[in-house]
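Read through the structure below, which is laid out as structure tokens, and then see the notes.
The values are calculated or read from the model by the stated rules, or taken from the named source; none is laboratory data. As the structure is a prediction and not an experimental result, all values here were calculated from the model. Cβ placement follows ideal geometry from the backbone for every residue including glycine, while neighbour counts extend to all protein chains displayed. Note: accessible area is taken over every heavy atom of the protein model, side chains too, but ligands, DNA and RNA are not part of it. Shrake-Rupley method; radii C 1.70, N 1.55, O 1.52, S 1.80 Å.
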Amino acid sequence: MRQPPPEQTTEGIRADFDRIALLPAAGGWDHNRHHHPWLLRQVPPGCGEALDAGCGLGGFARLLAGRCRHVVGVDLSPAMIEEARRRSATVPNLELRVADLMTAPLGTERFDCVASIATPHHLPLEPALTRLRDALRPGGVLLVLDLVRPVPASLPLDVAAVPVGLALGLWHNGRIRPPPAEREAWDAHARGDRYLSLPEVRRACDRVLPGARVRRHLLWRYSIVWRRP
Ligand SMILES: C[S@@+](CC[C@H](N)C(=O)[O-])C[C@H]1O[C@@H](n2cnc3c(N)ncnc32)[C@H](O)[C@@H]1O
């Protein structure tokens, strides 16, 4: 009989990402980075303050720092933040902090743009979206990119994504598969991951982000774009 995935705890997630942060290949091209240019195009013009919630090694936060006056990146994993700081030494308008986005004060109506990439699936979606929403100023934009659970209707897109993902991995990283240590760390982490289907994401948005644009993307991702009225 198929076993249910183990429950993820905050401590378990922190430990997984502390381990992943130290992998030699960490921060290379991945399926989230493929969508960075599209996400950046959604950042409001003249963005002042931005937040990257679950910023990992800070790759997207550094891109935001090129568009916004000041960027705060928060992450649960001290090792991620330590490495993100090392990689961001020449980016003076990026502030990086170890924090749990579900409990740390993020500021109320503070940010012009709040982004969260490949992070909400570690959290209960509606409470997480509510926290991110409340940190936005009126007129500010929330950007979420995360993994989506395939459904039968998405099969053609999901199958087409396999050769595309392999080819892009080869192009950007010079190899089709990650090195064994990286694969092993991600596989161990992913055993506890649970992804929502697009209808589940849409239902959560209807409740906490009315009017949000929810889209399916290549490489098993969905996005949410929402402007706070
Ligand atoms: C798959 S990684 C994605 C990192 C980065 N956004 C990127 O796209 O490369 C997920 C990140 O979310 C962080 N994370 C998970 N739960 C969190 C929480 N409650 N508060 C802050 N960060 C969290 C993890 O530590 C990890 O760095």
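Please give the calculated 222 nm ellipticity per residue for the chain, where each DSSP H segment of at least 4 residues contributes -39500 (n - 2.57) and the sum is spread over every residue; nearest 500 deg cm²/dmol?
Helix contribution divided over all residues of the chain: -11500 deg cm²/dmol.
Write down the radius of gyration of the chain and its Dmax, each obtained from C-alpha positions, in Å.
Radius of gyration, then largest Cα-Cα span, for the chain: 17.0, 54 Å.
Rounded to a whole number, what % of the accessible area of the chain do carbon and sulfur atoms account for, probe 1.4 Å?
The value for the chain is 58 percent carbon and sulfur by accessible area.
Work out the length of the dipole vector of the stretch 10-227 about its Cα centre, built from +1 on the beta-carbon of each Lys and Arg and -1 on the beta-carbon of each Asp and Glu, and round it to the nearest 20 debye.
620
Once phi is turned into θ = phi - 60°, what whole-Hz ³J(HN,Hα) does the Karplus curve with 6.51, -1.76 and 1.60 give for every residue of the stretch 110-124, x standing for Gly and Pro?
Along the stretch 110-124, the couplings run 9, 9, 7, 8, 10, 10, 8, 10, 6, 10, x, 5, 7, 10, x Hz.
Heavy-atom accessible area per residue, the chain, 1.4 Å probe: how many Å²?
Value returned for the chain: 50 Å² of accessible area per residue.
At 24 angstrom or more along the helix axis (alpha-carbon based) and mean Kyte-Doolittle of 1.0 or higher, what helices does the chain contain? Whole DSSP H runs only.
155-173
Name the most mobile residue of Arg97, Arg85, Arg41, meaning the one with the largest mean-square fluctuation, in a Gaussian network model of the chain with Cα contacts below 10 Å.
Taking springs between Cα atoms under 10 Å, the residue moving most is Arg41.
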